[in-house]
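A short write-up of the structure that comes next.
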Amino acid sequence: MAAKRALLCAGFALWGLAAPALGGGPPPQIPFAFPPVEKTVAVDATAGWVDTGLDVGAGDELHFLAFGEIDLQRGNPGAVCGPRGIDLVTVDQPIPDANLGALVGKVAQLVAARIDEDSGQEVRDEIFALFLVGEERAVTVPFKGRLYLGVNENVFNDNGGGFSVVVIRRPR
């Protein structure tokens, strides 16, 4: 994995570079390219959706490399997995056709926020897109929003461990 990360980062280092013009006259005008943003995010298996702190735009390229191990049911050795999850799917997962416990992502755009009168909890109305991340994935962002990462599961209170995820965002 370290070798993959080094190659990925080396490829991103070439963005925005240009050779000087050959011959006389002024150098050609090169449009400014935003450099990629790299961030490492800790995804705790008990946290639900983890805010990466990254706002993304439509067409941005996101590259993910994930490491670590989680326990989907503390004390059950058969419920330990890496970012690929375990080979089990249920209809109650955020992404029903992806492995249980797999690392998943969400781009969300807030439409409205309100306080639920009964629970006192904030309720967020969002437009969102979910996608599988796993150990390594490249994704093109479908629309402007905030990037979140989580575990492909809906029951978090018996989980343990976490993933470390390198996110590289290349703005469009």
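If each of Asp55 and Val80 carries a label point 7 Å out from its Cα toward its Cβ, how far apart are those two points in nm?
Between Asp55 and Val80, the simple spin-label model gives 4.2 nm.
Order of 142-154, 82-94, 55-67 by packing, highest average Cβ count within 10 Å first?
Listed from highest to lowest mean packing, they are 142-154, 55-67, 82-94.
Across the Cα atoms of segment 46-172, what radius of gyration and what greatest pairwise Cα-Cα distance (Dmax) are found, in Å?
15.1, 45
Throughout, read-outs are computed from the coordinates displayed, never taken from laboratory work. Owing to the predicted nature of the structure, the values given are computational and were not obtained by experimental measurement. Ideal geometry is used to build each Cβ from the backbone, glycine not excepted, and the neighbour counts take in all protein chains shown.
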